[in-house]
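The block underneath contains the structure these notes are about, expressed in structure tokens.
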Amino acid sequence: MTEGANQVIDARLARETNKLELIRNPDFNDEHAYPVLSDQTGYIQLINFEMMFQELAEKDVTVLLQINEGDFIVQGEQIGKVINRQESKEDADVEDKEIMTIINSNVAIGNERNDIYDYRFALQKVQEIALRALSASVSDPYTGIECIYALGNLFQKLAVWNSGYYIMKQDDRPITLYYKSNSLNEDLILFFHSIVKLGCDDFLVLNALFDAYKDIAAVSSEESLDAVVEIADYTFAQAKQEFKHDTDIKIIENKYKNFCNFVERQKNK
């Protein structure tokens, strides 16, 4: 179920976290920037950052990309911004067109999503199995629970990511390229929200969800820990709306309290 997703996530982590510096706020002045617009419509299947950097290497520019694999974009939509430090306006105008062409040529776009580079698409396949299993028409909570634990294991790898921008830069080259890191907060909401809505009236599903959150929290950075707490808080709030009996509410509160205590111990390590 998760072999493909594991491979995609491992490849993405190897490309980014092992080689590039992550910064919260890039050194980028919007006042002097112009937008980069997509020349196609479809799903981003691959962004060849390395080739883009090499082809722009001799240009005195700063590029900030605002897209990731898996995003759906339309022709004319902004996918990034550029600051060109070319002093001659005429030369800059010519160069700007070339820069736009280089950036677009290194963004592969297609009509379908691609699970070779798009880790979200790989995660979505696991999520879809969970949602089908938890639906009223199928009512197979044990398969849904298996998927929840699988997502928890996959998100343990994603928990090393922090939000911000990766920076590609070489001392002997004028080019600086920033590209957006994925947000664990956004991903947790994207992949757990629907499962919570569908399964928060089942104690077994709730138990699996809080176990999965605990697994993710166990390896999370401080920033990622806040994202896990946010989805856990949402799950607890939804569950309390489903159960009215005092005994049921007490069980849910104890599960949530155990999770919160675990998080506090993680923060105090």
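Laboratory data are not the source of any read-out in this text; all were calculated from the coordinates shown. Nothing here was measured: the structure is a model prediction, and the numbers come from that model. Cβ sites come from the backbone with ideal geometry, for glycine too, and all protein chains shown count toward neighbours.
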Compute, for segment 15-110, the length of the dipole vector about the Cα centre, with Cβ point charges of +1 (Lys, Arg) and -1 (Asp, Glu) only. Units Debye, rounded to 20. 340 debye
Proximal lysine pairs in segment 15-110, meaning Cα under 20 Å and 8 or more positions apart or interchain, come to 6
Order by neighbour count: CYS147, CYS200, CYS260, fewest other Cβ atoms within 10 Å first, most last. CYS260, CYS200, CYS147
For ASP246 and VAL219 in one chain, what is 0.36 nm times their gap in residues minus the Cα-Cα distance, to one decimal in nm? 6.3 nm
Whole-number percent relative contact order across the chain, with pairs defined as alpha carbons under 8 Å at least 6 apart: 21 percent
Overall form of segment 177-219 per C-alpha gyration tensor (a/c, 1.5; a/b vs b/c): oblate
Could you let me know the centre-to-centre spacing of segment 132-151 and segment 153-196, using Cα atoms, in angstrom? 28 Å
Quick one: length gained pulling GLN54 to GLU186 fully straight, 0.36 nm per residue minus the C-alpha distance? 44.4 nm
What are the semi-axes of the equivalent ellipsoid of segment 134-254, taken as the square roots of 5 times the eigenvalues of the Cα gyration tensor, listed largest first and rounded to whole Å? 36, 15, 11
Provide, for q = 0.09, 0.14, 0.17 Å⁻¹, the log10 of I(q)/I(0) from a solvent-free Debye sum over equal Cα point scatterers in the chain. -0.50, -0.98, -1.25
Kindly state, to the nearest 0.05, the FRET efficiency for GLU253 paired with GLU128, given R0 = 35 Å and r defined as their beta-carbon distance. 0.65
If you find the alpha carbon centre of segment 213-269 and of segment 1-73, how far apart are they in angstrom? 33 Å
Quick one: grab the alpha carbon gyration tensor of segment 15-110, order the square roots of its eigenvalues as a ≥ b ≥ c, and give me rounded if a/c is under 1.5, else prolate or oblate depending on whether a/b is larger than b/c. oblate
Which of LEU22, TYR165, ASN153 sits farthest toward the positive end of the charge dipole of the chain, with +1 on the Cβ of Lys and Arg and -1 on the Cβ of Asp and Glu? ASN153
Run the reach check for LYS269 against lysines, Cα to Cα strictly under 25 Å, same-chain hits fewer than 8 apart removed. What comes back? LYS157, LYS214, LYS255, LYS257
For segment 79-178, which trypsin sites (Lys or Arg not before Pro) are both in a DSSP coil and crowded by at most 13 other Cβ atoms within 10 Å? ARG85
Considering amide H positions built from the backbone, and no H for Pro or chain starts, which residues 5 or more places from ASP71, or on another chain, come under 5 Å of its amide H? ILE44
Using only alpha carbon pairs under 8 Å that are at least six residues apart, calculate the relative contact order of segment 125-269 and give it in whole percent. 24 percent
